[in-house]
Every structure is written in structure tokens, then in C-alpha cells.
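J.: Quick one: the structure is below, and I'll ask about it shortly.
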Amino acid sequence: METVKIVEKVAFNLLKQAVIYLPKDVKQALQKAHAEETSKTGKTQLRAILDNVEFAEKYQAPICQDTGTIIFYIKAGAMVKDLDKIEGALTKATRRATEEVPIRPNAVNPFTQKNSGDNTGRMIPYINWEIVSGDEIQMTVLPKGGGSENVCVMGMLVPGEGTRGVKKFIVDAVLKAGSKPCPPNILGIGIGGGSDIAMKTAKKALLRPLNIPNPDTEIAKLEKEILEAVNMTGIGPMGLGGKTTVLGINIDYAHRHPASYPAAVAFNCWAARRATARISSDGTVEYLTHKVE
Amino acid sequence: MTIYRFKTPISEAEIRKLKVNDVLYVSGTMVTARDQAHKRALEYFRQGKPLPIKLEGLAVFHCGPIVKKKEGRWTIVAAGPTTSTRMDIFEDEFIKNFQVRVIIGKGGMGKRTTEATAKYGAVYGAFTGGAAILAAKAINNVKKVEWFDLGMPEAMWILEVEEFGPLVVAIDSHGNNLFMEVEKKVEQNKQKIYQKLGLSS
């Protein structure tokens, strides 16, 4: 089979896997949260969440009706042929998944308010490209709902404040978001670069599994410190009160301009869906986050 | 925390029994309405045009479902709640004009809605956000779809539900708002958190 056909098929499978099955690390974090939650109302919410995850698997239906804006992350080997055709393949896969899985049509023209009906439109599905050496393609889909998207924030902090400013920025973002992003949440934090780079880095940080610590031990310590702090807010599951507000914090960074300290917080809801696969040059496909169907 | 099971049409007397933190299951007719359907319904009211369905005593669900047509019939695939605060600008008028008794959504609603539920006799029931299959399982039948020109998520889906829940009563008809109570406690915790992180000046 030619590469483009394989890409299309794999993209469809990834979309289907992502919206139906939660990654193992997220499921385990939710189970742990349920076991440890002390608020009675909070516990009812985590129970409903776990039941729902199980039903989604059983009925092979999307965990949440909001299957998000379709965003792909592609790591393409420089030697891969037909790279210019991948975008078309992903668009086709998105249309097919919308119809067959099905996933909700979520692409609306911001001026006419018209829903395209098939999850495609200007710049959508959106593709984040990264060119790497080699001849493989690694593909990730991140279907992220609107509720958690609506509370994402980017700020230009004061350089002199350093990480102190970052801590306050994250805590304030969680306090302000409250019940809206379907807590317990996962936070992707992007620091440095520029305004655009910070948010892109924040969102991409959501791809790191919860059970993999930050390779930089100092940053890992900071993640843990902020995680403990935000779980003292009492917002709790679905904002109904409790000790589980955030399941994990993933920080990543770029070097910054001396005069700027951009920081971004990307919220993900508890239904933190993502799926990844690798396509080798000989056409073999390895699904990295989910078992093959 | 008492568990209630109500069937539509729900009377004002019944709804007034509920207090925040109670759990409610609804059976009968439920209608989905998000931003656009709320907006259109209120426009219809202002123009004196009747709505496609009489909403008195019914439940309104802030939800944009995934729906599939199978052999000519609509089936609900996934139907969790959407963030309700977006409907805050419409809901007081909506409750007043259409006498709906149960508003269902996630994330809670504000002061205007809390005043309206107290004044006209309605409650806000929080359904677990994202629990789309739990919701879909309680929906027996799609009776009809109206205003489909608004798109699948924004259309008004008229649904027949059985034991739809659990809904945590988060705004009752006595002026209590559970989300606001939690927010107050969260505000009190803020200084403690700042202190822990060495942010207090």
C-alpha cells in the first residue's frame, strides 16, 4: 500500500481509538483519584466518570460527545516520500471518522457561524509539523474539547519574577477556571519562546503521559510543588468540591527573550484523549498508545 | 442528600422540595438547548411565535449530542453536558417565559439564573461533564429534531429519557447555589496556597 493510503487508514484508526478509549495513564490516575477522594459529592462524580469510561469501551462509543477540534502532531522523517500529500490524507480520514465513528462535527466558520458538518474547514484539521531525520512517520491525534479549551490562558509575565511569577500564573488560572474545564484536569505549561511558542509548547506538553516524569529533575520538582498547591483549592471533581482538581502538570519550555517571559497554561479535561502510531518505511504500523483493533 | 425521581411534566410544588446536594433522576421529555437554541427561542417569544414544543414542566439539557441516523431514525451516540455558564445570559428569561423546571448542564450557573430558579420554581441539576455514554444510556428515544439548520450540536433535540441522572441539585429554588458555595471556600483557600508557594507578599 502506498504511504498516503496507510496514513489515511492509520489516522482514522487513531481518531477512533482516541475518542473511545482513554490512555492507560489517564485511566489509572482517575482510579487513584476515586480511591483517594474524601468529598462525598466529589466521589459521586469520579464514580460517574469511571462508569462512563467503562461504558464507552463496552459500547465502542466516544467517551465524551465533544470530540474537539481535530489536531494532529506529525513527526515526519526527512526521507519520507509524498509528504505534501499527508494533509489531504488526514482531511479524508477526519471526514470518514466524523461519519463512521461517529465524531461530532465541530468546525464552524467564525463569521457565518455555519458548521461545515464534517470537521474540516479552513486550517482544520490542524497539523503541527516536525521534520526529523529518518524515514518514519509518527502521528498523534489530540481531540480536545471546547470546555477545557475555553479556559486556556497565555500571559506575558514579568521576567524579574522568574518561576515565582509562573507559579502564581498557574494557580490563578486554575482558580479562575473553576468548574468550567471538567476537572480533574491535566495542565500543559509552556514557558518562554514568544507568545505563540508558549501556547504551542503548553498544548504539546499535554502529550506526555502522566506516569512519565519530566526528565529535568528541577522542573519535575516544580511540577509536583504546583500540583500539590492547586489540589488545595477545593474545586474538586466537576467543581462540586473535593481534593482532586488536577491529575498532573506537564511543563515544557523554550529559551526566552531577555525582556519577555511568556507563559501559557493549556487545560485538558479528565477525558484527556490522545493516540499515537508510528509508520515505518516498509509500511508496518505500530500503535503506541492503544492496542490495535 | 436525598434521592428524588421525577417524571415530566414536573410541577412547581414538586421542584420546591429539592435542596442543593440532593440527587435527582428525571424521566419523561427532555429538550437540548445550547447558545443558539436559547437565543432563537427567546427571539420567537419576543415575536409572539410559538416554540416547536411547549416546554412547561420539562427538563432542558445544555448539550450538543452526537447523533446518528440509522435506518431513517435518529439515535443518540453520546450526549454529555456542555458548560452552562454560556447560557447564563439567556436562562432567567428562558425560565420565566417557558416555565421549564429542570435545567441540566455542567459547571454551574450564576446569580441571574439562581434568582430566576427561586422566583419561578426551577432547579439546576449538574450532570457529570464528559459522561456522555452514561447520559446516552438513559435516552430511550429521539422524538424529533427541531432547528437542525443550527447544526447538530446547536439544534433542539427532543428526547425521551428514563431515570436520567444522577443530577446533583446545584441550584435549588430557595436561592442556594452549590457552585457558589464551593467558590467561596476556594477563595478562602487562596491565601493558604499562595503562602505554601511563597507568593504572599
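The values are calculated or read from the model by the stated rules, or taken from the named source; none is laboratory data. From a predicted model like this one, the values you see are computed outputs, not experimental measurements. For neighbour counting, all protein chains shown are included, and Cβ atoms are generated from backbone atoms with ideal geometry for every residue, glycine included.
J.: Go through the stretch B:165-180 residue by residue and tally those that are surrounded by 15 or more Cβ atoms within 10 Å (Cβ to Cβ) and either of a type outside the set (S, T, N, Q) or within 10 Å of chain A (Cβ to nearest Cβ) (or both).
T.: Number of matching residues: 11.
J.: Being touching a strand residue (DSSP E or B) at 6+ places or on another chain (Cβ under 9 Å) and surrounded by 21 or more Cβ atoms within 10 Å (Cβ to Cβ) is the requirement here; does B:V142 meet it?
T.: Spelling it out, it is not the case that B:V142 is touching a strand residue (DSSP E or B) at 6+ places or on another chain (Cβ under 9 Å) and surrounded by 21 or more Cβ atoms within 10 Å (Cβ to Cβ).
J.: Can you find a residue in the stretch B:174-187 that is closer than 20 Å to B:R16 by Cβ and in a strand (DSSP E or B)?
T.: yes
J.: What number of residues within the stretch A:27-55 are small (G, A, S), part of a helix (DSSP H, G or I) and within 12 Å of another protein chain (Cβ to nearest Cβ)?
T.: The qualifying residues number 2.
J.: Within the group A:V153, A:V158, A:V171, which residue is out of contact with any Gly (no Cβ under 8 Å at 6 or more places or on another chain), more than 16 Å from A:D252 (Cα to Cα) and either touching a residue at least 40 places away in the same chain (Cβ under 8 Å) or among the small types (G, A, S) (or both)?
T.: A:V171
J.: Of all residues in the stretch B:134-163, which are more than 17 Å from the chain's Cα centre (by Cα) and either touching a residue at least 40 places away in the same chain (Cβ under 8 Å) or within 14 Å of chain A (Cβ to nearest Cβ) (or both)?
T.: Scanning the stretch B:134-163 gives B:K137, B:V142, B:K143, B:K144, B:V145, B:E146, B:W147, B:F148, B:D149, B:L150, B:G151, B:M152.
J.: Now for a different question. Applying the selection to the stretch A:42-84, what residues are of a type in the set (D, E, K, R), crowded, with 17+ Cβ neighbours inside 10 Å and under 18 Å from A:A277 (Cβ atoms)?
T.: A:K75
J.: Still on this structure, I have one more. Within the stretch B:131-172, which residues are of a type outside the set (A, V, I, L, M), in a strand (DSSP E or B), within 30 Å of A:L50 (Cβ to Cβ) and touching a Ser or Thr at 6+ places or on another chain (Cβ under 8 Å)?
T.: Passing the criteria: B:W157, B:E160, B:E162, B:E163, B:F164, B:P166.
J.: Identify, by number, the condition in (1) within 14 Å of another protein chain (Cβ to nearest Cβ); (2) touching a Gly at 6+ places or on another chain (Cβ under 6 Å) that B:R101 doesn't meet.
T.: Going through the list (1) within 14 Å of another protein chain (Cβ to nearest Cβ); (2) touching a Gly at 6+ places or on another chain (Cβ under 6 Å), B:R101 breaks only (1).
J.: Any residue that is among the basic types (K, R) and outside any helix (DSSP H, G or I) - is there at least one of those in the stretch A:285-292?
T.: Within the stretch A:285-292, one or more residues are among the basic types (K, R) and outside any helix (DSSP H, G or I).
J.: Got at least one residue in the stretch A:201-211 being surrounded by fewer than 19 Cβ atoms within 10 Å (Cβ to Cβ) and in a helix (DSSP H, G or I)?
T.: The answer is no, given that none of the residues of the stretch A:201-211 is surrounded by fewer than 19 Cβ atoms within 10 Å (Cβ to Cβ) and in a helix (DSSP H, G or I).
J.: Continuing with the same structure: If you go through the stretch A:150-175, how many residues are closer than 12 Å to A:V265 by Cα and assigned to a helix (DSSP H, G or I)?
T.: 9
J.: Here's a follow-up. Within the stretch A:8-36, how many residues turn out to be in contact with a helix residue (DSSP H, G or I) (Cβ under 7 Å, 6 or more places away or on another chain) and in contact (Cβ under 8 Å) with a residue 24 or more places away in the chain?
T.: Qualifying residue count for the region: 11.
J.: Tell me whether the stretch A:109-116 contains one or more residues that are away from every other protein chain (no Cβ under 11 Å) and either in a helix (DSSP H, G or I) or among the aliphatic types (A, V, I, L, M) (or both).
T.: No, every residue in the stretch A:109-116 fails to be away from every other protein chain (no Cβ under 11 Å) and either in a helix (DSSP H, G or I) or among the aliphatic types (A, V, I, L, M) (or both).
J.: From the list A:L207, A:L157, exactly one residue is at pLDDT 95 or above and away from chain B (no Cβ under 14 Å). Which is it?
T.: A:L207
J.: Sticking with this structure for a sec: Within the stretch A:93-102, can one find any residue that is surrounded by 21 or more Cβ atoms within 10 Å (Cβ to Cβ) and more than 14 Å from every other protein chain (Cβ to nearest Cβ)?
T.: Among the residues of the stretch A:93-102, at least one is surrounded by 21 or more Cβ atoms within 10 Å (Cβ to Cβ) and more than 14 Å from every other protein chain (Cβ to nearest Cβ), which makes the answer yes.
J.: Please indicate, with yes or no, whether at least one residue in the stretch A:265-282 is more than 19 Å from A:T44 (Cα to Cα), acidic (D, E) and in the same structural domain as A:V153 (by TED's automatic domain parsing).
T.: Scanning the stretch A:265-282 turns up no residue that is more than 19 Å from A:T44 (Cα to Cα), acidic (D, E) and in the same structural domain as A:V153 (by TED's automatic domain parsing).
J.: Something else now. Would it be correct to say that B:M109 is in contact (Cβ under 8 Å) with a residue 24 or more places away in the chain, within 17 Å of the chain's Cα centre (by Cα) and away from every other protein chain (no Cβ under 12 Å)?
T.: So B:M109 fails the test.
Results for (1) more than 13 Å from every other protein chain (Cβ to nearest Cβ); (2) free of Cβ contacts under 8 Å to residues at least 24 places away in the same chain, shown as yes or no for each residue.
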{"residue": "B:P9", "(1), (2)": "yes, no"}
{"residue": "B:I15", "(1), (2)": "yes, no"}
{"residue": "B:D22", "(1), (2)": "no, no"}
{"residue": "B:G48", "(1), (2)": "yes, yes"}
{"residue": "B:K70", "(1), (2)": "no, yes"}
{"residue": "B:W74", "(1), (2)": "no, no"}
{"residue": "B:T85", "(1), (2)": "no, no"}
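J.: State yes or no: is A:G242 within 13 Å of another protein chain (Cβ to nearest Cβ), at positive phi and small (G, A, S)?
T.: Here the answer is yes, as A:G242 does meet what is asked.
J.: Of the residues in the stretch A:247-279, how many are in contact with a Phe, Trp or Tyr (Cβ under 9 Å, 6 or more places away or on another chain) and within 14 Å of chain B (Cβ to nearest Cβ)?
T.: 2
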